[in-house]
1. What is the one condition in (1) more than 23 Å from V179 (Cβ to Cβ); (2) out of contact with any Leu (no Cβ under 7 Å at 6 or more places or on another chain) that Q24 does not satisfy?
2. With respect to E11, determine if the residue is in contact with a helix residue (DSSP H, G or I) (Cβ under 6 Å, 6 or more places away or on another chain), outside any loop (DSSP other than H, G, I, E, B), within 29 Å of K181 (Cβ to Cβ) and assigned by TED's automatic domain parsing to the domain that holds R116.
3. Out of F46, F76, F114, F105, report the one residue that is among the hydrophobic types (A, V, I, L, M, F, W, C) and within 25 Å of K181 (Cβ to Cβ).
4. Provide a single number: the residues in segment 6-16 that are of a type outside the set (S, T, Y) and crowded, with 21+ Cβ neighbours inside 10 Å.
5. Name the helices (runs of 4 or more DSSP H) wholly inside segment 39-153 in which the number of residues that are surrounded by 14 or more Cβ atoms within 10 Å (Cβ to Cβ) and touching a Pro at 6+ places or on another chain (Cβ under 6 Å) is 3 or more.
Amino acid sequence: MSIKRLYLDVETTGLDHELCGLTQVAFVIEIDGREMASANFNVRPFEGAEVHKKALEVTGKTYDEVMSYPREDEVFATMLVMLKEYINPMIYGDDFTLIAYNAEFDQNFMIAWFGRMGKKYANYINYRKVDPLALLRILHVEGMANLPGYKLIEVYKAIFNEEFEAHDADADIKATIRVHKYLVEHYIKDPRGKVPTGYEDRPHTEDMGQ
């Protein structure tokens, strides 16, 4: 069976996946290493969702702006059509594997979204999430990665000496894909690799999140 990857990132109105809503969902569908489709949706938070000012400030959005976005049920329907082009939710095991940075956060929000829409997350995306951050944590404790921080933007800067617009789901997922593929090439296919940080003299921060 083909290997079906779903690289995904979400932006939200807060940290609680049960109480807060989505404002942006971006993903890339990859089948056997080949990019097949991608999408970047703005999403209106569900009615009654908690909307935290700090969360909007992080993404550079205003309350009025996010409330003008398409309803989440409309976006969900469009997304489901795209997913079903590459999987059959009626066939056990024909699903996507989620790849995301700090993946538990994104997975929890997706599971909650599927639940609000009356759909089973596991019929489309299995629970075997893949998280580049998890590998970086292993490399850190094994002395193979010594970064100034482990937020996505810090890791991306350390590896590629480039910056990107963090906290935009579309930019985040593109950065995640590049980091993931780098780690696979240098630590899975060639386990002799080492993250080329250039930051060895900087103090290590304790922030290991996104």
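The values are calculated or read from the model by the stated rules, or taken from the named source; none is laboratory data. Because the structure is a prediction, the values reported are computed rather than measured. Cβ sites come from the backbone with ideal geometry, for glycine too, and all protein chains shown count toward neighbours.
1. With respect to (1) more than 23 Å from V179 (Cβ to Cβ); (2) out of contact with any Leu (no Cβ under 7 Å at 6 or more places or on another chain), Q24 is out only on (1).
2. yes
3. Checking each option against the conditions leaves just F105.
4. Our first condition is that a residue be of a type outside the set (S, T, Y); within segment 6-16, this holds for 6, 8-11, 14-16.
Next cut, crowded, with 21+ Cβ neighbours inside 10 Å only: 6, 8-11.
Within segment 6-16, residues that are of a type outside the set (S, T, Y) and crowded, with 21+ Cβ neighbours inside 10 Å number 5.
5. Passing ranges: none, list empty.
Yes or no, residue by residue, for (1) assigned to a loop (DSSP other than H, G, I, E, B); (2) on the phi < 0 side of the Ramachandran plot; (3) at pLDDT 95 or above:
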{"site": "I173", "(1), (2), (3)": "no, yes, yes"}
{"site": "I177", "(1), (2), (3)": "no, yes, yes"}
{"site": "H180", "(1), (2), (3)": "no, yes, yes"}
{"site": "E185", "(1), (2), (3)": "no, yes, no"}
{"site": "P191", "(1), (2), (3)": "yes, yes, no"}
{"site": "G198", "(1), (2), (3)": "yes, no, no"}
{"site": "D201", "(1), (2), (3)": "yes, yes, no"}
{"site": "E206", "(1), (2), (3)": "yes, yes, no"}
